[in-house]
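Notes for the one structure printed next.
The values are calculated or read from the model by the stated rules, or taken from the named source; none is laboratory data. A quick note: this is a predicted structure, and the numbers were derived from the prediction, not measured. Quick reminder, even Gly has a Cβ in these numbers, built from the backbone with ideal geometry, and neighbours come from all protein chains shown.
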Amino acid sequence: MLMVAQLVEHQVVILKVEGSIPFHQPNNKEWMNKEFEKRGYKVININLGYEDLLVKTFEEAVRYNKAHGGGGTRGARGRGTGEPGPANFVTTPSLNMYMEYLASIVHREYLTSIVEKEIDLKLIPTYCYTRKYFQGSGLTSHIDRPHNEISLTYCISGPEWEISMGENILTTKMGKAIIYKGCEILHGRSKPSPGTVILIFCGWVISDGTKLSSAYDDGENKDFYLGD
Ligand SMILES: [Fe+2]
């Protein structure tokens, strides 16, 4: 089966379908969860309404980090920049912030429950990070580390940009997010970024799954996510 889809306002437009997919119940939650199992991804509306604030806190965290010489992939929350594994696939230098304060709170307080409902699975968070891609950047097709058994990518700034999910082509844009099986489905961006794009990535493991040793990013973020 090969499908080409594009995100537009409030819906996914299917541009091309080869093979057979039962599209007869597009609004049925159970059906959609089965589609997540089958396809390995799902496009959802997020529209938090404070994306500009997420951008500002990210930019401020980057500025602070540079001003104070901080760094390291797993530095103190909100002050750690660097490249978790998948960032090695970015074709040109990007700015990355591991566990940026506001993004990680949103991950803990909102996005986890939203994604759990969308895919009908109980999840344990691992980590999140925010990445700023610059114009012309790409992302080599890859799968993620075990900490991204379930992944979310959410655009908080910038233009639409194609992303491949397996054999399918989607488009990220503000207000939309893609939930995907990071360890299973190949994903990447062969088309260069049309501009500066900032995305939030969140990771989870399935609570009764096989990757529990990666929960809370090997335990390092356990206190934060449990709210202690
Ligand atoms: Fe990835």
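Inspect all residues belonging to segment 198-210 and state whether any of them is free of Cβ contacts under 8 Å to residues at least 24 places away in the same chain and either more than 13 Å from the chain's Cα centre (by Cα) or in a strand (DSSP E or B) (or both). Quick ask: steps written out before the conclusion?
If we filter segment 198-210 for residues that are free of Cβ contacts under 8 Å to residues at least 24 places away in the same chain, which is where we start, we get 210.
Those still in the list that are either more than 13 Å from the chain's Cα centre (by Cα) or in a strand (DSSP E or B) (or both) too: 210.
The answer is yes, given that some residue of segment 198-210 is free of Cβ contacts under 8 Å to residues at least 24 places away in the same chain and either more than 13 Å from the chain's Cα centre (by Cα) or in a strand (DSSP E or B) (or both).
Looking at (1) modelled with pLDDT of 95 or more; (2) within 16 Å of the ligand (Cβ to nearest atom); (3) out of contact with any Lys or Arg (no Cβ under 9 Å at 6 or more places or on another chain), can you tell me which one TYR127 breaks?
(3)
Of all residues in segment 86-117, count the ones that are among the hydroxyl-bearing types (Ser, Thr, Tyr) and farther than 24 Å from SER193 by Cβ.
Summing the residues that are among the hydroxyl-bearing types (Ser, Thr, Tyr) and farther than 24 Å from SER193 by Cβ in segment 86-117 gives 5.
Could you check segment 91-111 and list, in sequence order, the residues that are under 18 Å from ASP223 (Cβ atoms) and either buried (at least 20 other Cβ atoms within 10 Å of the Cβ) or within 16 Å of the ligand (Cβ to nearest atom) (or both)?
Scanning segment 91-111 gives TYR98, MET99, GLU100, ALA103, SER104, VAL106, HIS107.
Taking segment 192-209 only, how many residues are of a type in the set (Ser, Thr, Tyr) and out of contact with any Gly (no Cβ under 9 Å at 6 or more places or on another chain)?
1
The rows are residues; the columns are (1) of a type in the set (Lys, Arg); (2) out of contact with any helix residue (DSSP H, G or I) (no Cβ under 9 Å at 6 or more places or on another chain); (3) more than 17 Å from ILE114 (Cβ to Cβ); (4) modelled with pLDDT of 95 or more.
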site	(1), (2), (3), (4)
LEU170	no, yes, yes, yes
ALA177	no, no, no, yes
ILE198	no, no, yes, yes
PHE201	no, no, no, yes
ILE206	no, no, no, yes
LEU212	no, yes, yes, yes
ASN221	no, no, yes, yes
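Can you pull out the strands (runs of 3 or more DSSP E) entirely within segment 134-190 that have at least 3 residues that are more than 10 Å from the ligand (Cβ to nearest atom) and touching a residue at least 60 places away in the same chain (Cβ under 8 Å)?
Ranges flagged: 150-157, 168-172, 176-180.
Would you check if there is a residue in segment 196-211 being within 16 Å of the ligand (Cβ to nearest atom), surrounded by fewer than 21 Cβ atoms within 10 Å (Cβ to Cβ), polar (S, T, N, Q) and farther than 23 Å from GLU37 by Cβ?
no
State whether the residues of segment 105-124 include one that is in a strand (DSSP E or B), at pLDDT below 95 and in contact with a Ser or Thr (Cβ under 9 Å, 6 or more places away or on another chain). Don't jump to the end; show me each part of the working.
Here is the first cut: in segment 105-124, the ones in a strand (DSSP E or B) are 123-124.
If we keep only those that are at pLDDT below 95 too, we end up with none.
Within segment 105-124, none of the residues are in a strand (DSSP E or B), at pLDDT below 95 and in contact with a Ser or Thr (Cβ under 9 Å, 6 or more places away or on another chain).
Is at least one residue of segment 172-187 closer than 24 Å to TYR50 by Cβ and out of contact with any strand residue (DSSP E or B) (no Cβ under 8 Å at 6 or more places or on another chain)?
Checking segment 172-187: not a single residue is closer than 24 Å to TYR50 by Cβ and out of contact with any strand residue (DSSP E or B) (no Cβ under 8 Å at 6 or more places or on another chain).
Within segment 132-152, work out how many residues are crowded, with 21+ Cβ neighbours inside 10 Å and either in contact with a Gly (Cβ under 7 Å, 6 or more places away or on another chain) or closer than 17 Å to ILE179 by Cα (or both).
Going through segment 132-152 one residue at a time, the tally reaches 8.
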